[in-house]
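The values are calculated or read from the model by the stated rules, or taken from the named source; none is laboratory data. Remember, it's a predicted structure, so these values are computed and weren't measured experimentally. In this analysis, Cβ positions are derived from the backbone assuming ideal geometry, glycine residues included, and neighbour counts consider all displayed protein chains. Side chains are part of the model used for accessible areas, which takes the heavy atoms of the whole protein and leaves out ligands, DNA and RNA. Shrake-Rupley method; radii C 1.70, N 1.55, O 1.52, S 1.80 Å.
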Amino acid sequence: MPDFTILDAPPQQNANAAHQKTFYLETFGCQMNVHDSEKVIGTLTQQGYQQVETEEAADLILYNTCSIRDKAEQKVFNRLNDYKKLVRQGKRFGVLGCVAQQEGEHIFERAPYVSLVSGSASYRKLPEMLVRLEQGEKRITGLDDRQTEETFETEFTARSNPHRGYITIIEGCDKFCAYCVVPYTRGKERSRTSTSVLAEAQRMADSGYTEIQLLGQNVNSYRDPERKKSFAELLAAVGEIPGIRRVRFTTSHPRDFTRDIVEAIDAVPSLCDHVHLPVQSGSSDVLHMMQREYTRDWYLERISWIKAAKRPISMTTDIIVGFPGETPADFEQTITLLHEVQYDGVFAFKYSPRPNTPAVNLPDSISDEMKSERLQILLERQREIQRQNYSRHIGEVLEVMVEGHNRARGQVIGRTSQNKTLNFTTAQPILPATGSYLPVRVTTSFPNSLVGEAVA
């Protein structure tokens, strides 16, 4: 999943903070982790905890972790080590998320001052784990739920953005790609009912949210337990809720990408004209070694559906370079794929072996130097493609959602339905409010953003 970030949610203010249980939560990773943390924060708050902004001010220090990147677990242990001095002050530590599931009770051995280790499949048990923690238990684990059929649903989500919000519709993964740890850390695929998803979307609309992003490791692998709606039908139903102006979804898997998804985007204007469809490699041979279970031609057929849509749909993807066995010819096929598809954005990474995955046993004969060289070539080629693609917007009037203000540049920060950043100026004396929508004429383009002027 793209858009890796570290999120520190803002503290909640309370005059009686000195008499309350306090916690600090830091999130590493993707949008799934960010939204998991919003639900964890809501759960903790419901249990009588108050969020604070520093480790030093907290009774309970939590790290929600990600294990996608190389050496992710080492980063977590380094962070724990940085703050272990706080143990003498009676503070307790918990490790949540993918590194927690991956490392398990080994975390207690490397960091004996940690009291709680929980994978994401056990978050629904957080209230009872917190009670055990408060009763003085030293080693509490939530690590045995990866085969559960249950999802983590709560009405106490502490959303960090008042205009754009996430809804997780499917958890876990059944794909078992050779390089990926997700099936081992987040468990098997399990979907929420369409009724519960639509009820949450309605509550968000009633609360003033105008943009919703549906999330899942493979969001389009969604299977309604009620058998009422397909993924495409659920997308359309969310988009038809009054007050919702934009609906996004991420991340899709090519194996479950169906033509009716494109038809839904065409039929429902509030469904954003952007699809993130990870390809990972342009070589069918490498895709076979990756256990992706599709070919280059299979993938390109789905791209043809997107390109045939009634309105232009922006496409982005993920690519791994230097997978074991990738030949120069395989890499060249990835480069030709870039030119054939014409992506508006690529999240590209060098392959690194992850624990417990099938690929960890493959001989990694490609040097890090060669991986870096291939990555640089790919990024340079893609930059030129984006330079041309973005320049085509010059002169167009696009609707943007205001995300913030860059006062140093005198610009408003906005985002288009195609998920492109469009920074603009306005002649109005009062800057448009965050979360508002307005038309902007594009005047300048860069490889990763657009610049424009608000249309009076």
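Some notes on this structure:
- For the range 272-314, trypsin sites (Lys or Arg not before Pro) meeting the loop criterion (DSSP other than H, G, I, E, B) and having at most 12 other Cβ atoms within 10 Å: K310.
- Relative contact order of the chain, pairs being alpha-carbon contacts under 8 Å that are 6 or more residues apart, as %: 9 percent
- Computed on the range 268-399, with alpha-carbon pairs under 8 angstrom and 6+ residues apart, the relative contact order is 26 percent.
- Prolate/oblate/rounded label for the chain (Cα gyration tensor, a/c 1.5): oblate
- Dipole of the chain computed with +1 at Lys/Arg Cβ and -1 at Asp/Glu Cβ about the Cα centre; of I394, H274, A236, farthest Cα towards the positive end is I394.
- Averaging the Cα positions of each part gives two centres, and for the range 106-153 and the range 195-231 these lie 27 Å apart.
- Amide H within-cut-off set for Q217, under 5 Å, with H built and near neighbours excluded: G172
- Rounded to the nearest 20 debye, the dipole magnitude of the chain is 620 debye, with +1 charges on Lys and Arg beta carbons, -1 on Asp and Glu beta carbons, and the Cα centre as origin.
- Karplus-derived HN-Hα couplings along the range 297-310 (A = 6.51, B = -1.76, C = 1.60, θ = phi - 60°), whole Hz, x at Gly and Pro: 5, 4, 4, 5, 5, 5, 5, 5, 4, 5, 5, 8, 4, 5
- Per-residue SASA entry for D206, accessible area with 1.4 Å probe, Å² rounded to 10: 120 Å²
- Length gained on full extension, Q342 to I430: 27.8 nm, using 0.36 nm per residue less the C-alpha separation.
- Centre separation in Å (Cα based) which lies between the range 355-372 and the range 236-297: 28 Å
- Using the Cβ of D224 as centre and a radius below 11 Å, the other residues enclosed give a net charge of +3, where K and R count +1 and D and E count -1.
- Comparing S367, P112, S207 along the charge dipole axis of the chain, the residue lying farthest to the positive side is S207, per the Cβ-charge model.
- Of the GluC sites (Glu not before Pro) found in the range 315-378, not one falls in a DSSP loop while having at most 15 other beta-carbon atoms within 10 Å.
- For the range 310-420, size of Cβ-based charge dipole, Lys and Arg +1, Asp and Glu -1, in debye: 620 debye
- Filtered trypsin sites (Lys or Arg not before Pro), the range 39-126: DSSP coil and at most 12 other beta carbons within 10 Å: K71
- Scanning the chain for cysteines with no neighbouring cysteine C-beta under 4.7 angstrom from their C-beta gives C30, C66, C98, C173, C272.
- From its DSSP helices (H runs of at least four residues, each -39,500 (n - 2.57)), the chain gives a residue-normalised ellipticity at 222 nm of -9000 deg cm²/dmol.
- FRET efficiency, 1/(1 + (r/R0)^6) with R0 60 Å, evaluated for N361 and A308 via beta carbons: 0.90
- Antiparallel DSSP beta bridges within the chain, as percent of all bridges there, nearest 5: 35 percent
- Close amide-amide hydrogen proximity is noted between F347 and T317, D318, I319, each under 5 Å apart and 5 or more residues distant or on a separate chain (H modeled in the peptide plane; Pro and chain starts excluded).
- Amide H contacts of K21: Q50, each under 5 Å away and 5 or more positions distant or on a separate chain (H built 1.01 Å from N in the peptide plane; Pro and chain starts excluded).
- Full-stretch length increase - L379, N78 - with 0.36 nm per residue and alpha-carbon distance subtracted: 105.3 nm
- Within the range 184-221: backbone nitrogen closer than 16 Å to the K228 label point (7 Å, Cα to C-beta): 191-204
- Dipole of the chain, positive direction: furthest Cα of F347, A264, V455, with charges on the beta-carbon: V455
- Karplus 3J(HN,Hα) series, Hz, for the range 442-447 with 6.51 cos²θ - 1.76 cosθ + 1.60 (x for Gly, Pro): 7, 10, 9, 10, 10, x
- Local electrostatic count, V397, Cβ distance below 12 Å [Lys/Arg +1, Asp/Glu -1]: -2
- Which listed pairs, of K21/K125; K91/K125; K71/K350; K21/K71; K85/K138; K21/K85, have C-alpha distances above 24 Å, in listed order: K21/K71
- The range 123-214: C-alpha gyration tensor shape, a/c 1.5 cut-off, then a/b vs b/c: oblate
- Anisotropy class of the range 270-349 from Cα gyration tensor, a/c 1.5 cut: prolate
- Vicinal HN-Hα couplings computed from phi for the range 249-265 (Karplus, 6.51 cos²θ - 1.76 cosθ + 1.60; Hz; Gly/Pro x): 8, 6, 10, 8, 10, x, 5, 10, 8, 10, 4, 5, 5, 5, 4, 5, 4
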